[in-house]
1. Looking at residue 10, is it aromatic (Phe, Trp, Tyr), surrounded by 11 or more Cβ atoms within 10 Å (Cβ to Cβ) and more than 30 Å from residue 66 (Cα to Cα)?
2. For the stretch 78-104, which residues satisfy the criterion of being under 16 Å from the mean Cα position of the chain (by Cα) and either crowded, with 19+ Cβ neighbours inside 10 Å or under 18 Å from residue 18 (Cβ atoms) (or both)?
3. If we keep just the residues of the stretch 103-126 that are assigned to a helix (DSSP H, G or I), of a type outside the set (Val, Ile, Thr) and out of contact with any helix residue (DSSP H, G or I) (no Cβ under 8 Å at 6 or more places or on another chain), which is farthest from residue 42 (Cα to Cα)?
4. Can you go through 28, 39 and tell me which one is at pLDDT 95 or above, among the acidic types (Asp, Glu) and closer than 24 Å to residue 16 by Cβ?
5. Checking residue 9 against (1) within 15 Å of the chain's Cα centre (by Cα); (2) of a type outside the set (A, V, I, L, M); (3) not in a helix (DSSP H, G or I): exactly one of these is not met. Which one?
6. Can you pull out every residue in the stretch 16-50 that is touching a residue at least 60 places away in the same chain (Cβ under 8 Å) and closer than 21 Å to residue 107 by Cβ?
Amino acid sequence: MFKNIIFTCFLGMLAIILGAFGAHVLKETLTADQLLSFETAVRYQIYHVIVLLIVNMYAGFSSKQKNTISYLFFAGIFLFSGSIYAIQLTAISAKSIWFVTPLGGLFLIIGWISMIIIFSKKMRNR
C-alpha cells in the first residue's frame, strides 16, 4: 500500500512541475490548442492523483482492491497523460501513437468502474 502512496505522491509532484512548466515555458512555444491539450493531460493526472490518495488511505478497501484500482489508474495516467506529454513535448506524431491516449482513458474508466463495483457490493452487503 505504501508503495502506491509514494508513487502517487511522485505523480502529484510531477503534475505540479509539468503544470508550471506548461504555464511558464510552453506558453511561448506551443499553440493555444497544443497548450490546451497539455493542460488536459496535467488536469487528468492531478485529478486521478487525488483519487488515488483517497483510495489508498480509505480503510474500506482491501489491499487487493487498492492495488487493482491503483494499477489501473497508474496505467491510465501513464498512457493517457503520458502520450499527450510525448506528443506535445517531442517530435512524436499523434498519428503514430493515436491509440495510446484512448487506451489510457480506457484504463481510467475501468478504474472508476472497479470502484463502482466495489461500492455497489458494499452497499448490498449492508
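1. Values: aromatic (Phe, Trp, Tyr): yes; surrounded by 11 or more Cβ atoms within 10 Å (Cβ to Cβ): yes; more than 30 Å from residue 66 (Cα to Cα): no.
For residue 10, the condition - aromatic (Phe, Trp, Tyr), surrounded by 11 or more Cβ atoms within 10 Å (Cβ to Cβ) and more than 30 Å from residue 66 (Cα to Cα) - is not met.
2. 78, 79, 80, 81, 82, 83, 84, 85, 86, 100, 101, 104
3. Here is the first cut: in the stretch 103-126, the residues assigned to a helix (DSSP H, G or I) are 103-124.
Now narrow it down to the ones that are of a type outside the set (Val, Ile, Thr): 103-108, 111-112, 114-115, 119-124.
Narrowing further to those that are out of contact with any helix residue (DSSP H, G or I) (no Cβ under 8 Å at 6 or more places or on another chain): 112, 119-124.
Details: 112: 19, 119: 28, 120: 30, 121: 32, 122: 32, 123: 33, 124: 36 Å.
Result: 124.
4. The unique qualifying residue is 39.
5. The one condition residue 9 does not meet is (3).
6. Those that are touching a residue at least 60 places away in the same chain (Cβ under 8 Å) and closer than 21 Å to residue 107 by Cβ: 18, 44, 48.
The values are calculated or read from the model by the stated rules, or taken from the named source; none is laboratory data. Model, not experiment: these values are computed from the prediction. As a convention, Cβ positions derive from the backbone with ideal geometry for all residues, glycine included, and neighbour counts pool all protein chains shown.
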